[in-house]
Ligand SMILES: Cc1cc2nc3c(=O)[nH]c(=O)nc-3n(C[C@H](O)[C@H](O)[C@H](O)COP(=O)(O)OP(=O)(O)OC[C@H]3O[C@@H](n4cnc5c(N)ncnc54)[C@H](O)[C@@H]3O)c2cc1C
């Protein structure tokens, strides 16, 4: 077992860090202030640098590298802000990975190169007003008529809704009840009958659009079926990788909060000496460091064991839960250690705390992940309905 990044990965990390620290702080401030996603020009720049879909197959324009390489890139950019990093998150860990695994050649050819060049973002749309944790209660229906699917239903909380160019929409593709009838189709923005509600405004995640999405007899060619009815478990397998992206975003938020507060407590003096000289402060700094290192190791385990395939549900859920809780703990402690300055919008901690919270809800809540972990341990699914 080797805990050291390869020389190529270390070089990648240094080059992304340099780019992110030099070129992204200003744009991250604008994204936070204006609550607008990164511009097309910036997404295309990410594409030129090879950051988008670095772990997608090279034959379709991806980088052909590992999920660990994608984690390295995403962490460095997300340490600046999750809003600026969101297109990288979507390209490396979002539904395009499901397209790479399960899509037809035609779908891969039409989507992946555009995602990797920064010209297209694909969002995932699973949740509905009545189906959050109980995802298999979803009602959005795709009736197949000849070579068309007629989509009807309402979706909620889709990150990117209204802004992304395309959506992988989970829906019922036959009459089978529960998970059995669920598949997914690719729907492009602009399809007649496909519309968006007013924009949601979250506590954090500024620069990431979210809105209800309405499907009113939207006609989609059957060639845009990504996964047919009966393939729900395939979708969840691909979603295990999304959880590793979620973990990376949490880790980046926690790590950057930690880096900021460590410098702060070494600088800030009270009672005539730097805060770090107080033992109570030292203990908190040590606890933060332990949690961040553990979160990183759990994430690396999940993606390294997956190689270029999909991670195990147990390892990705353990990593996600731990990193989600770590990000919340670390940003909370870091904010407290900065006193009034931590609570001020002049400093980055309050934003990091707001962003940290969302990752423990997005991608399946922390408690639902814990149920997954227990289920994997005993080799059975716990029926939540009985
Ligand atoms: C920032 C953000 C981004 C998101 N992005 C997307 C996206 O891109 N695409 C998408 O489809 N969705 C997205 N979501 C939606 C997200 O997946 C859901 O919010 C999440 O699955 C929880 O569903 P819910 O909000 O309906 O909460 P509910 O399911 O109503 O759960 C509420 C609370 O009850 C708990 N709970 C529910 N059932 C159980 C149980 N059986 N046992 C124990 N506790 C339980 C949950 O843990 C939670 O704390 C996003 C959400 C957020 C906050």
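Read-outs throughout are calculated quantities, based only on the coordinates presented, and are distinct from any laboratory measurement. Small disclaimer: the values here were computed from a predicted structure and weren't measured. When we count neighbours, we look across all protein chains shown, and the Cβ atoms used for this are built from the backbone with ideal geometry, even at glycine.
Expressed to the nearest 5 percent, the antiparallel share of DSSP beta bridges inside the chain is 85 percent. Among 22, 329, 55, the largest mean-square fluctuation in a Gaussian network model of the chain (Cα springs under 10 Å) belongs to 22.
Cβ crowding within 10 Å ranks 208, 378, 227 as 378, 227, 208, fewest other Cβ atoms first. Would you please classify the overall shape of segment 233-378 from the alpha carbon gyration tensor, given that a ≥ b ≥ c denote the square roots of the eigenvalues, rounded means a/c under 1.5, and beyond that prolate means a/b larger than b/c while oblate covers the rest? Judged from the Cα gyration tensor, segment 233-378 comes out prolate (a/c at least 1.5, a/b above b/c).
Over segment 233-378, what is the relative contact order in whole percent, taking alpha-carbon pairs under 8 Å and six or more residues apart? Spell out each step's value before the answer.
Working: 181 pairs, mean separation 49.2, N = 146.
Computed over segment 233-378, the figure is 34 percent.
Once you've got the GNM for the chain with C-alpha springs shorter than 10 Å, pick whichever of 294, 319, 280 has the biggest mean-square fluctuation. Largest GNM mean-square fluctuation: 280.
For the listed peptides 260-273, 173-186, a ranking on the average number of other beta carbons within 10 Å per residue, highest first, reads 173-186, 260-273. Angle of helix 7-23 to the longest C-alpha principal axis of the chain, folded into 0 to 90 degrees and rounded to 10: 80°. Each residue in 359, 157 was given a count of other beta-carbon atoms within 10 angstrom of its own, and listing them fewest first yields 157, 359. Between residue 383 and residue 290, the modelled labels are 4.1 nm apart [label points 7 Å from Cα along Cα→Cβ]. Only helices enter this figure: runs of n ≥ 4 DSSP H residues, each worth -39500 (n - 2.57), summed and divided by the residues of the chain, yield -17000 deg cm²/dmol at 222 nm to the nearest 500.
Which of rounded, prolate, oblate describes segment 123-230, given a ≥ b ≥ c as roots of the alpha-carbon gyration tensor eigenvalues and a/c under 1.5 marking rounded, otherwise prolate only if a/b is larger than b/c? Oblate. Taking the chain as the reference, fit the longest principal axis to its C-alpha atoms, fit the long axis of helix 82-93 to the helix C-alpha atoms, and give the angle between the two in degrees, 0 to 90, nearest 10. Roughly 50 degrees between the two axes.
Note on 210, 316: ascending count of other Cβ atoms within 10 Å places them as 210, 316, the fewest first.
The angle separating the long axis of helix 232-267 from the principal Cα axis of greatest extent in the chain is about 20 degrees.
When you restrict to C-alpha pairs under 8 Å that are six or more residues apart and normalise by the size of segment 7-120, the relative contact order lands at 33 percent.
Tell me, what is the percent relative contact order of segment 123-230, built from C-alpha pairs under 8 Å that lie six or more residues apart? Rounded, it is 32 percent for segment 123-230.
Based on the mean of other beta carbon atoms within 10 Å per residue, what is the order of 74-82, 59-67, 137-145, most packed first?
Ranked by mean Cβ neighbours within 10 Å, highest first: 74-82, 59-67, 137-145.
Can you give me the Cα centroid spacing of segment 185-238 and segment 14-30 in angstrom? Measuring centre to centre over Cα atoms gives 31 Å. Each part reduced to its alpha carbon centroid, segment 148-174 and segment 308-370 end up 27 Å apart. As a rough guide to protection, the peptides 188-194, 211-217 ranked by mean Cβ packing within 10 Å, highest first, stand as 211-217, 188-194.
Computed from the C-beta positions of residue 343 and residue 269 and an R0 of 22 Å, the FRET efficiency is 0.65 to the nearest 0.05. Taking a ≥ b ≥ c as the square roots of the eigenvalues of the Cα gyration tensor of the chain, is the shape rounded (a/c under 1.5), prolate (a/b larger than b/c) or oblate? Because a/c hits 1.5 or more and a/b exceeds b/c, the chain counts as prolate.
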